[in-house]
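Written below as structure tokens is the structure these notes are about.
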Amino acid sequence: MDALVLAQSGSFFRDRSGDNSCVANNGICPRWAIDHFDRYVHPFFQHLELVLISTGAGFLVAFALAIAAHRRRWLVGPVTQVTGILYTIPSLAAFFLLLPLTGRGNLTAIIALASYTLLIFFRNVMAGLDGVPEEARDAGRGMGFTDRQLLWRVELPLALPAILAGLRIALTTTVGLAALAFYAGAGGLGEALASQKDFQTNIVLAGGLCVVMAAGLDALVLVAQRLLTPWSKARTA
């Protein structure tokens with residue numbers, strides 16, 4: 001991008017000291033990043049909102065399907081096939097396919113992003129439930145637990161490490177996919193990346209914020225996993 005185009009684009013490309021030489025040369029401009037960091041705050045929280053809502057919606061749907069399939073094993077194949085097909089649809093295609101139905105905005109982005117988490121959550125919940133030792137189930141039955149009590153008080157607590165591992169994968173994956181949500185009119189850091197895709201400082205700043213978001217969410221779930229499953233850490237030791 002040449003200096004003339006950058007100069008014509010106005011104050012967005014000048015740091016507040018008035019020196020735009022670094023920007024005109026399409027360099028990495030720390031001063032510009034500091035001066036204009038506030039422009040990325042709102043897109044950051046837009047991005048975070050999309051990630052949390054879509055991941056939460058995907059988890060609720062996949063969890064319900066996994067519980068049903070855990071009791072009715074014939075559902076495992078069909079659910080895996082359908083969620084697998086949804087997972088293989090290219091993300092841009094998913095946004096554009098939904099646009100005529102749901103219009104531009106957050107709803108389209110959330111539906112598309114949530115659909116990509118279904119296979120991850122379903123497989124991990126099923127793996128966690130299938131990995132519960134049979135003797136643990138026998139002990140619960142010996143204590144007089146009903147099937148519902150056995151599920152909530154024995155099986156799901158023991159399946160929690162696998163479920164939270166799926167949550168970590170889904171969150172970090174969705175952070176990346178949400179960068180394309182601006183094509184559906186949902187904003188986020190992807191819009192900042194696309195608006196000035198040839199400006200190196202913008203790419204580093206917006207892309208770096210995506211990395212920070214993914215790492216932060218992953219760390220939070222990892223801490224929660226260690227707090228909620230202390231027996232898992234003890235068994236590993």
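For the condition surrounded by 15 or more Cβ atoms within 10 Å (Cβ to Cβ) and modelled with pLDDT of 90 or more, residue 178 qualifies.
Once the stretch 128-165 is narrowed to residues that are within 30 Å of residue 92 (Cα to Cα) and of a type outside the set (Val, Ile, Thr), the residue that is surrounded by the fewest Cβ atoms within 10 Å (Cβ to Cβ) is 165. Against the conditions (1) part of a loop (DSSP other than H, G, I, E, B); (2) over 19 Å from residue 55 (Cα atoms); (3) not hydroxyl-bearing (Ser, Thr, Tyr), residue 151 satisfies every one except (1). All of 108, 80 fail the test of being part of a helix (DSSP H, G or I), over 30 Å from residue 229 (Cα atoms) and modelled with pLDDT of 90 or more, apart from 108.
If we keep just the residues of the stretch 186-217 that are over 18 Å from the mean Cα position of the chain (by Cα) and modelled with pLDDT of 80 or more, which is surrounded by the most Cβ atoms within 10 Å (Cβ to Cβ)? Checking each candidate, the answer is 205. Of the residues 89, 110, only one is among the β-branched types (Val, Ile, Thr), under 17 Å from the mean Cα position of the chain (by Cα) and buried (at least 20 other Cβ atoms within 10 Å of the Cβ); which? Going through 89, 110 in turn, just one is among the β-branched types (Val, Ile, Thr), under 17 Å from the mean Cα position of the chain (by Cα) and buried (at least 20 other Cβ atoms within 10 Å of the Cβ): 110. Exactly one residue among 59, 37, 13, 63 is at pLDDT below 95 and surrounded by 14 or more Cβ atoms within 10 Å (Cβ to Cβ), and that residue is 13. On the stretch given as the stretch 66-86, residues that are exposed (fewer than 14 other Cβ atoms within 10 Å of the Cβ) and closer than 17 Å to residue 126 by Cβ total 9.
The values are calculated or read from the model by the stated rules, or taken from the named source; none is laboratory data. Remember, it's a predicted structure, so these values are computed and weren't measured experimentally. Cβ atoms come from the backbone with ideal geometry, glycine included; neighbour counts cover every protein chain shown.
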